[in-house]
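A short worksheet on the structure shown next.
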Amino acid sequence: MAQCPVITVDGPSGAGKGTISHLLSAALGWHFLDSGALYRVTGYACVLEGVSWDDHPAVTEIARRLDVTFTTCPSGEIRVAYQGVDVSRAIRTEQGGRGASTVAAIPSVREALLARQRQFRQPPGLVADGRDMGTAVFPDAPLKFFLTASAAERAERRYKQLIAKGESVSLPRLLADIQERDARDSSRAVSPLVPAEDAIVIDSTATPIPEVFERVMQAVRQQGY
Ligand code: DC
């Protein structure tokens, strides 16, 4: 299916990637790949199976045989299941993010998940959300976006989300976590978090998401999609 179009949306967590990619796949009627969920499920499966995130061969084995399924609900929401059990919420915790970021730094884990990610490329098209969609997984994608925002702004957004959910969190702690995760994601040897050379970079620090989406859609329309 090499000719099937892919639009890649990369960037650090909290930059609005998830929202923009969901809106985009809904607007185009294309498939959606949440690649972060694959790393999150891998980290989560390690915890369930008593495997340390530092045990590279064992984590790689888990990634290779990862029994994960994505189901789109009538509401448009995507549910993630591991071994048939819904883990959509469980993988979205702060610990889930740390586990994902840790296992994602292991080159053999990235390799193990590569083919699985490429299988999402199905007609009529794919919107792929992640860190290395435009650089490593779909380098031939005809349209690539890289969304970014300052760490302070991303921490603030995450803080508001968690407070709205009734969770008690500390803003300085969130900011420190985001900075730590950015450093790990950007400095790893394989597929670090960097924009593809041909990516359209959008900084959303001072730009509301609807405006970011409008800019994305302009570029999409220019491509004739
Ligand atoms: O997008 P997310 O927050 O669900 O991603 C969780 C972690 O997974 C993130 O810290 C880095 C890693 N990740 C990655 O290395 N490559 C991807 N394509 C997607 C996520």
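Points to keep in mind about this one:
- Within segment 118-169, the set of residues being within 18 Å of the chain's Cα centre (by Cα) and assigned to a loop (DSSP other than H, G, I, E, B) comprises Q119, F120, R121, G125, R131, D132, F138, P139, A141, A149, S150.
A quick yes/no check of all residues on (1) outside any helix (DSSP H, G or I); (2) of a type outside the set (D, E, K, R):
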residue: S13; (1), (2): yes, yes
residue: G18; (1), (2): no, yes
residue: V41; (1), (2): no, yes
residue: Y44; (1), (2): no, yes
residue: S52; (1), (2): yes, yes
residue: A58; (1), (2): no, yes
residue: E61; (1), (2): no, no
residue: G76; (1), (2): yes, yes
residue: R79; (1), (2): yes, no
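- So E180, is it of a type outside the set (A, V, I, L, M), away from the ligand (no atom under 14 Å from the Cβ) and out of contact with any Leu (no Cβ under 6 Å at 6 or more places or on another chain): no
- Of all residues in segment 99-109, those being more than 15 Å from A37 (Cβ to Cβ), part of a helix (DSSP H, G or I) and within 9 Å of the ligand (Cβ to nearest atom) number 1.
- Residue in segment 42-49 that is at pLDDT below 95, within 12 Å of the ligand (Cβ to nearest atom), closer than 21 Å to D177 by Cα and not charged (D, E, K, R) present: no
- Search result, residues across segment 1-24 that are touching a residue at least 12 places away in the same chain (Cβ under 8 Å) and away from the ligand (no atom under 15 Å from the Cβ): M1, A2, C4, P5, L23, L24
- Looking across segment 72-91 at every residue that is of a type outside the set (V, I, T) and surrounded by 15 or more Cβ atoms within 10 Å (Cβ to Cβ), the one that is farthest from the ligand (Cβ to nearest atom) is identified as A81.
- The number of residues in segment 44-71 being in contact (Cβ under 8 Å) with a residue 24 or more places away in the chain and among the β-branched types (V, I, T) comes to 4.
The values are calculated or read from the model by the stated rules, or taken from the named source; none is laboratory data. Just so it is clear, the model here is predicted, and its values are computed rather than measured. Counting neighbours? That spans all protein chains shown, and the Cβs are built from the backbone with ideal geometry, glycine included.
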